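The values are calculated or read from the model by the stated rules, or taken from the named source; none is laboratory data. Values in this document were obtained by computation on a predicted structure and should not be read as measured data. A quick note on method: Cβ atoms are made from the backbone with ideal geometry, for glycine too, and the neighbour counts reach across all protein chains shown. In case anyone asks, the SASA skips ligands and DNA or RNA and just uses the protein heavy atoms, side chains included. Shrake-Rupley method; radii C 1.70, N 1.55, O 1.52, S 1.80 Å.
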Amino acid sequence: MIRLLDAETVGQIAAGEIVERPLSVVKELVENALDAGARRIAVGIARGGLESIDVWDDGCGIEANDLALAFARHATSKLSVAQDLERVATLGFRGEGLASIAAVARVRLTSRPGGAETGLRIEAFGAELSAAEPVAAPPGTRVAVSDLFATVPVRREYLRSPSAEFTRISTFLATLALAYPQVTFTLAHDGRQVWTLPGSESLEQRLEHVFGPAAARGLIAIEPVEGAAGVRGFISRPGFDRGDRRMQLLFINDRLLRSTLLAGAWTSGYSTFALSGRQPYGVLFLDLPYDEVDPNVHPTKSDVRLRRPDRVTDAVKRALSTTLARDAAARLRAAISFAPGGDGGSNGEGNSEGNGARAGTGAAFVEALVEAPHVPSVLAQFDSTYVLAIEGGALLLVDQHAAHERIAYEAIAERAQAGAPSEPLLLPYVVELEPADVARFETVRETLAEAGFEAEPFGERAYRVLATPAGYAARAFRLQPFLADVGDEIPGLSARERVWATLACHSVTRAGERLEHAEMSALVARLMRCKNPMHCPHGRPTMVRIEPDAVARMFKRT
Ligand code: ADP
Ligand code: MG
C-alpha cells in the first residue's frame, strides 16, 4: 500500500540530507550569518558539537514578524520568484537550513534587528515551536543548538569522537574564512578560545592559518592574467607539493566547494612545472556571473553546475600556468643578477631586465626555468645509494638515506611540536616483543605517540600498532630494529629528539634501495627546503658539493 508520509517524517528525511554531523549545523548557521552581512561571527562548540553549537553574529537580524517563519521549511527571504533561482547571489536560498536543524535538534534563536530596542527569542524542537519572548540582546542573531540527533539517535552512532568532530569544524571555518577576510571569526571549544581571525588582518595571515606557516611560504599570488578574468587566488610553487588533492581549495562566488571540481585544471596548469606525481596546493577564488552558476544541485550546496565548464577550466589552467611561468622567470632573473661573477650584482634592477630579455621565450626558456638554480636537477642514482644532481653549476652528491632521514626528522619534529594528529592505520597490526624490548618500548612509548607512532598493549608482550607518522604509512615500520637502536646516544640531541631521530632513521629509504627519477627529484627538492639540509640528525653529511674547479684540477686543467 502506498501512502503519503506525515509532515514530521518528511521533515526528518529532508533534514537527513542536510544535517549529517555537527559540522553541517555550523555550516548552515555560519552561512546564514554571512548572508545577513555579519562583520563578526563567533562560534562556540561544546564536546565537538555533540553537546551544543552556538553561533552568534552581528548581522541584520530577523524582524519580529518573520521569526516563526524562519523555521518553516521552504521559507526564505533570499528568493522571491522562481527566476531568482537562476541567479542566486546568497549562500542560502532553499529556506531549509533552520527547519532541518530544528527537525533533529533543539534550537534556541535570539535575534534583534537593527532598528529594534530589544531582542526576541524563540525555541524550536522537532515539530514544536514556542511563542517569541522579548529578551535583552545585542543587535544581530544568536542560534544555540543542543541535543543534536535527539530525535534520530541512530545518527549519533556515525559520529566520531568529540575532538575529531571539532577538528572538522575548525578546519572548515578557517578555510571558509579565506573568502571573507573582512569578517572577524572566533572559535571556542568547551569554553576555551581556540582561535580568532581578526577582520583587519591580511589574507596572507589567513593563508598561514589554513595551510600552516611552512606551506604558506610556498604560495604565490595569481596576478591578473589575460583571458582569465575572475580567477584569483594563491598557488604553490613547483617543488612545494602534497600527496593528495585535499588542499586544492576552491571557492566559486565565495561559496566553498568540493575541491576536486577543477582537479583537471590544476593538473594541466602545472604540467610543465611539476617535478613528480605529487599534487600542488592552494586556493582559487572564481568570480563568475551569477547566472552562469547553478548552486541548486547538491543538498549541502557543496557542488555547483557551471553553464560553461570548459571556459572556466581553460581560464583556470591559463591563470595557473601563466602565474608559474612569471614567477619562475622572476626568480631566474634574480638568480642570474646575483650570481657571483655574473654581469649583474652592481645594479640589480637594470641588469635583471636585460637578462630577462636575453633568456628568450621558447621551449628552452621553460627548461631553464624548471632547472633554475636552487631546484637541483637530478641526473641519476649512483651505487643505489647516492643521487647525482646539478645545482647552480656544481655537482651534488646526495646520500639518499641521510637526506631522507633529515626530511623525515624535521617533519616528525614539526608535527610533534605542533601536536598534529597521526595517521591511523587502515589495518592495525600486532607485534610481539622480547621482555627486554617491552621495558625499552614503555620508556619511549609516549614520546613516540607525540611523533605520531601509536601502539597500545595487546596481551602480555604484544602491542597493536594503531598509527604511524603521517606520510610514512607506505613503508613498513619494524619495531624490533628500532628498539635496538633507540638507546644509542646521539651527540647534541635530547632524549626526546633522539627518539624522533631514530624513528626518522627507521621510516625512510635505505642505502642500496633503487629509486625512481621522480622520487629522487622529490627527495632532493624537499631536502633543500629543510631548516638544516646539510646534515642528517646523527650529524653525518647529507650532501657533498663538487665545484667545477675541483673537477678541473682532477683533469689538470689548472
Ligand atoms: P535560507 O538561508 O536558505 O534562506 P534558512 O532556514 O537557513 O534558509 O533561514 C531562513 C531565513 O531566516 C533566512 O532566509 C533569513 O531571512 C533568516 N535568517 C536565518 N538566520 C539568520 C541570521 N543569522 N541573520 C539574519 N537572518 C537570518
Ligand atoms: Mg540558510
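For the range 20-56, which residues satisfy the criterion of being outside any helix (DSSP H, G or I), within 12 Å of ligand 2 (Cβ to nearest atom) and under 28 Å from Ser163 (Cα atoms)?
The answer is Val55, and nothing else.
Quick check on my filter: what residues within the range 10-19 are within 11 Å of Val104 (Cα to Cα) and either without any contact (Cβ under 8 Å) to a residue 40 or more places away in the chain or part of a helix (DSSP H, G or I) (or both)? Please lay out each step first, then the result.
If we filter the range 10-19 for residues that are within 11 Å of Val104 (Cα to Cα), which is where we start, we get 11-16, 18-19.
Listed by number, the residues that qualify are Gly11, Gln12, Ile13, Ala14, Ala15, Gly16, Ile18.
Only one residue in Leu250, Leu256 is within 30 Å of Glu17 (Cα to Cα), surrounded by fewer than 22 Cβ atoms within 10 Å (Cβ to Cβ) and at pLDDT 95 or above. Which one? Show your work before the answer.
On the way: Leu250 fails: surrounded by fewer than 22 Cβ atoms within 10 Å (Cβ to Cβ).
Going through Leu250, Leu256 in turn, just one is within 30 Å of Glu17 (Cα to Cα), surrounded by fewer than 22 Cβ atoms within 10 Å (Cβ to Cβ) and at pLDDT 95 or above: Leu256.
What's the total number of residues in the range 204-237 that are charged (D, E, K, R) and open to solvent by less than 80 Å² (accessible area, probe 1.4 Å)?
The initial filter retains those residues of the range 204-237 that are charged (D, E, K, R), namely 204, 206, 208, 217, 223, 226, 232, 237.
Then drop every residue that is not open to solvent by less than 80 Å² (accessible area, probe 1.4 Å), which leaves 206, 237.
Qualifying residue count, the range 204-237: 2.
Taking the range 94-120 on its own, how many of its residues are within 16 Å of ligand 2 (Cβ to nearest atom) and at negative phi? Show your work before the answer.
Going residue by residue through the range 94-120, those that are within 16 Å of ligand 2 (Cβ to nearest atom) are 94-105, 107, 109, 111.
Okay, now just the ones that are also at negative phi, so 94, 96-105, 107, 109, 111.
Residues meeting the conditions: 14.
Out of curiosity, is Ala552 of a type in the set (Gly, Ala, Ser) and closer than 20 Å to Ala420 by Cα? Working first, answer last.
Numbers: of a type in the set (Gly, Ala, Ser): yes; closer than 20 Å to Ala420 by Cα: no.
Answer is no for this residue.
Out of the range 89-112, which residues are more than 10 Å from ligand 1 (Cβ to nearest atom) and either modelled with pLDDT under 95 or of a type in the set (A, V, I, L, M, F, W, C) (or both)?
Ala89, Ala103, Val104, Ala105, Val107
Condition (residue is of a type outside the set (Lys, Arg), assigned to a loop (DSSP other than H, G, I, E, B) and over 16 Å from Leu286 (Cα atoms)) applied to the range 222-239: is it met by at least one residue?
Within the range 222-239 (the criterion being of a type outside the set (Lys, Arg), assigned to a loop (DSSP other than H, G, I, E, B) and over 16 Å from Leu286 (Cα atoms)), the answer is yes, since at least one residue qualifies.
Would you point out the residue of the range 440-455, among those that are open to solvent by less than 60 Å² (accessible area, probe 1.4 Å) and not β-branched (Val, Ile, Thr), that is modelled with the highest pLDDT?
Kept after step one, since they are open to solvent by less than 60 Å² (accessible area, probe 1.4 Å), are these residues of the range 440-455: 441, 444, 447-449, 451-453, 455.
Then drop every residue that is not not β-branched (Val, Ile, Thr), which leaves 441, 448-449, 451-453, 455.
Working: Phe441: 89, Leu448: 85, Ala449: 85, Ala451: 81, Gly452: 80, Phe453: 83, Ala455: 85.
Among residues in the range 440-455 that are open to solvent by less than 60 Å² (accessible area, probe 1.4 Å) and not β-branched (Val, Ile, Thr), the one modelled with the highest pLDDT is Phe441.
Among the strands (runs of 3 or more DSSP E) lying completely within the range 121-203, list those that include at least 3 residues that are at negative phi and crowded, with 17+ Cβ neighbours inside 10 Å.
Values: elements: 133-135, 140-146, 184-189, 192-197.
Because the criterion is at least 3 residues that are at negative phi and crowded, with 17+ Cβ neighbours inside 10 Å, the strands (runs of 3 or more DSSP E) in the range 121-203 that meet it are 140-146, 184-189.
Filter the range 57-77 down to the residues that are away from ligand 2 (no atom under 14 Å from the Cβ) and open to solvent by less than 30 Å² (accessible area, probe 1.4 Å), then identify the one that is farthest from Thr167 (Cα to Cα).
Just the residues of the range 57-77 that are away from ligand 2 (no atom under 14 Å from the Cβ), to begin with: 58, 61, 63-65, 67-68.
Okay, now just the ones that are also open to solvent by less than 30 Å² (accessible area, probe 1.4 Å), so 61, 67.
Details: Gly61: 29, Leu67: 32 Å.
Filtering the range 57-77 for residues that are away from ligand 2 (no atom under 14 Å from the Cβ) and open to solvent by less than 30 Å² (accessible area, probe 1.4 Å), the one farthest from Thr167 (Cα to Cα) comes out as Leu67.
Within the range 403-425, identify whether any single residue is of a type in the set (Val, Ile, Thr), open to solvent by 10 Å² or more (accessible area, probe 1.4 Å) and modelled with pLDDT under 80, and answer yes or no.
Of the residues in the range 403-425, the ones of a type in the set (Val, Ile, Thr) are 407, 412.
If we keep only those that are open to solvent by 10 Å² or more (accessible area, probe 1.4 Å) as well, we get 407.
Subset that is modelled with pLDDT under 80: none.
Looking through the range 403-425, none of the residues is of a type in the set (Val, Ile, Thr), open to solvent by 10 Å² or more (accessible area, probe 1.4 Å) and modelled with pLDDT under 80.
Given the criterion within 19 Å of Pro428 (Cβ to Cβ), touching a residue at least 12 places away in the same chain (Cβ under 8 Å), assigned to a loop (DSSP other than H, G, I, E, B) and not hydroxyl-bearing (Ser, Thr, Tyr), identify the matching residue among Gly512, Gly452, Gly492.
Answer to the check: Gly452.
Among the residues of the range 57-72, how many are part of a loop (DSSP other than H, G, I, E, B) and under 14 Å from Arg108 (Cα atoms)? Break it down stepwise before answering.
In the first step, residues of the range 57-72 are kept if they are part of a loop (DSSP other than H, G, I, E, B); the result is 58-63, 67-68, 72.
Filter once more, so that each one left must be under 14 Å from Arg108 (Cα atoms): 62, 67-68.
Looking only at that region, the number is 3.
Identify, please: which residue in the range 62-86 is in contact (Cβ under 8 Å) with a residue 60 or more places away in the chain and within 28 Å of Val293 (Cβ to Cβ) and is, among those, farthest from ligand 1 (Cβ to nearest atom)?
If we take residues in the range 62-86 being in contact (Cβ under 8 Å) with a residue 60 or more places away in the chain and within 28 Å of Val293 (Cβ to Cβ), then Glu86 is farthest from ligand 1 (Cβ to nearest atom).
How many residues does the range 35-55 contain that are within 10 Å of ligand 1 (Cβ to nearest atom) and in contact with a helix residue (DSSP H, G or I) (Cβ under 8 Å, 6 or more places away or on another chain)? Before you say what the answer is, go through the steps one by one.
In the first step, residues of the range 35-55 are kept if they are within 10 Å of ligand 1 (Cβ to nearest atom); the result is 35-38, 41, 55.
Now narrow it down to the ones that are in contact with a helix residue (DSSP H, G or I) (Cβ under 8 Å, 6 or more places away or on another chain): 41, 55.
Number of matching residues: 2.
Considering the range 474-489 alone, what residues qualify as being buried (at least 17 other Cβ atoms within 10 Å of the Cβ) and modelled with pLDDT under 75? Don't jump to the end; show me each part of the working.
Pass one, the range 474-489, residues buried (at least 17 other Cβ atoms within 10 Å of the Cβ): 477, 479, 482-483, 486.
Result: Phe477, single match.
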